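Following: one structure in structure tokens, then a few remarks.
The values are calculated or read from the model by the stated rules, or taken from the named source; none is laboratory data. Keep in mind that this is a model prediction, so the values were computed, not measured. A quick note on method: Cβ atoms are made from the backbone with ideal geometry, for glycine too, and the neighbour counts reach across all protein chains shown.
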Amino acid sequence: MKHGWHKQAQELITRAKARGWCYSRTSKGHIRLFHERASRFVITSGTPSDVRAWKNAVALMNRLVPA
């Protein structure tokens, strides 16, 4: 994981990787998550100002690829 990422971003990536998601960082610092069974990417801020951003990203991941 890249140094300097927000702690919650690291936790989100760790959880996503455990469920089979891959990630990359955009040139603007956002996190792009993708899964081979998902129909689209999930993109969220690398340093969100609102905790709901993480919850929304996780909810979208769950809708795209149910556990």
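For segment 40-58, which residues satisfy the criterion of being loosely packed, with under 10 Cβ neighbours inside 10 Å and either at pLDDT 90 or above or touching a His at 6+ places or on another chain (Cβ under 7 Å) (or both)?
ARG40
Could you list all residues from segment 1-32 that are modelled with pLDDT under 90 and over 11 Å from GLY46 (Cβ atoms)?
MET1, HIS3, LYS7, GLU11
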